[in-house]
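Here is the structure we will look at.
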Amino acid sequence: MRILIVEDEPTLRTQLAEALGAAGYAVDVADNGVDAHYMGDTEPYDAVVLDLGLPQMDGITVLRKWRAAGRGIPVLILTARDGWHEKVAGIDAGADDYLTKPFHMEELLARLRALIRRAGGHASPELVCGPLTLDTRNSRATVAGQMLTLTSHEYRVLAYLMHHRDEVVSRGSLVEHIYAQDFDRDSNTVEVFIARLRKKLPPGLIETVRGLGYRLSSPS
Ligand code: CA
């Protein structure tokens, strides 16, 4: 899962990037509305954390432009204290949720998980596929109750496949959702991650769909 953080305040931006990175997300950051708008318009983020008071283009305008262009990406807005009118404007502009500054990072992470899972049509924070369970609250995967030891990239691949289980996910799409923008991307490494995951998972869980990509589904 890949998140765009838009925040012009450097300390908060760094804290957000570190917390989301530690929670297993690939993270891109923007410090102004113009860059944010362009990035959200051209990259397939799974969610956006959007501050509203931004240089160059304010957050409400960024959000309106995305929605006008039909981009339905889940957006959590950050509003100033006492900014109830900002919340109203943000929600009317198409925000999915909001958080008032200052906030607890745990709450932001919980709201983000909820947004991402609702966007994927999942009701529970625990994603289940046969014997495999992925708890998005603590980034843990278990098979029949046994915890899997995963590298951060293996976790990202598995989390993306779990959020899209029973769907065919292309290699290109995996690359776009597991790496941040400035990362040196190599789609061959996706095959390596899949091969490593297969060794850790029960056989048959990750299927190769020739010419199309991969599908995670419960072997019936
Ligand atoms: Ca700001």
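The values are calculated or read from the model by the stated rules, or taken from the named source; none is laboratory data. Quick caveat: nothing in here was measured; it's all calculated off a predicted structure. Virtual Cβ from ideal backbone geometry, glycine too; neighbours counted across all protein chains shown. Heavy atoms of the whole protein, side chains included, go into the accessibility calculation; ligands, DNA and RNA do not. Shrake-Rupley method; radii C 1.70, N 1.55, O 1.52, S 1.80 Å.
Overview of values
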{"item": "Any chance Val27 is assigned by TED's automatic domain parsing to the domain that holds Asp97, open to solvent by 10 Å² or more (accessible area, probe 1.4 Å) and touching a strand residue (DSSP E or B) at 6+ places or on another chain (Cβ under 9 Å)", "result": "yes"}
{"item": "Number of the exception - Arg71 against (1) at pLDDT 95 or above; (2) among the basic types (Lys, Arg); (3) assigned to a helix (DSSP H, G or I)", "result": "(3)"}
{"item": "Scope the range 1-45; condition in a helix (DSSP H, G or I), touching a helix residue (DSSP H, G or I) at 6+ places or on another chain (Cβ under 6 Å) and away from the ligand (no atom under 16 Å from the Cβ); matching residues", "result": "Ala19, Gly40"}
{"item": "Scope the range 112-135; condition outside any helix (DSSP H, G or I) and either open to solvent by 40 Å² or more (accessible area, probe 1.4 Å) or of a type in the set (Asp, Glu) (or both); matching residues", "result": "Gly121, Ala123, Ser124, Glu126, Val128, Gly130, Pro131, Asp135"}
{"item": "Number of the exception - Arg185 against (1) at pLDDT below 90; (2) within 22 Å of Ile73 (Cα to Cα)", "result": "(2)"}
{"item": "Residue list for the range 91-107, restricted to those being in contact with a helix residue (DSSP H, G or I) (Cβ under 6 Å, 6 or more places away or on another chain), outside any loop (DSSP other than H, G, I, E, B) and farther than 10 Å from Leu76 by Cβ", "result": "Ala93, Met105"}
{"item": "Matching residues, the range 46-78, being buried (at least 24 other Cβ atoms within 10 Å of the Cβ), free of Cβ contacts under 8 Å to residues at least 40 places away in the same chain and within 12 Å of the ligand (Cβ to nearest atom)", "result": "Leu52, Ile77"}
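Here is a yes/no grid of residues against (1) outside any helix (DSSP H, G or I); (2) among the hydroxyl-bearing types (Ser, Thr, Tyr); (3) within 21 Å of Ser217 (Cα to Cα):
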position: Met162; (1), (2), (3): no, no, yes
position: Asp166; (1), (2), (3): yes, no, yes
position: Leu174; (1), (2), (3): no, no, yes
position: Asp182; (1), (2), (3): yes, no, no
position: Asn188; (1), (2), (3): no, no, no
position: Ile194; (1), (2), (3): no, no, yes
position: Arg198; (1), (2), (3): no, no, yes
position: Pro203; (1), (2), (3): yes, no, yes
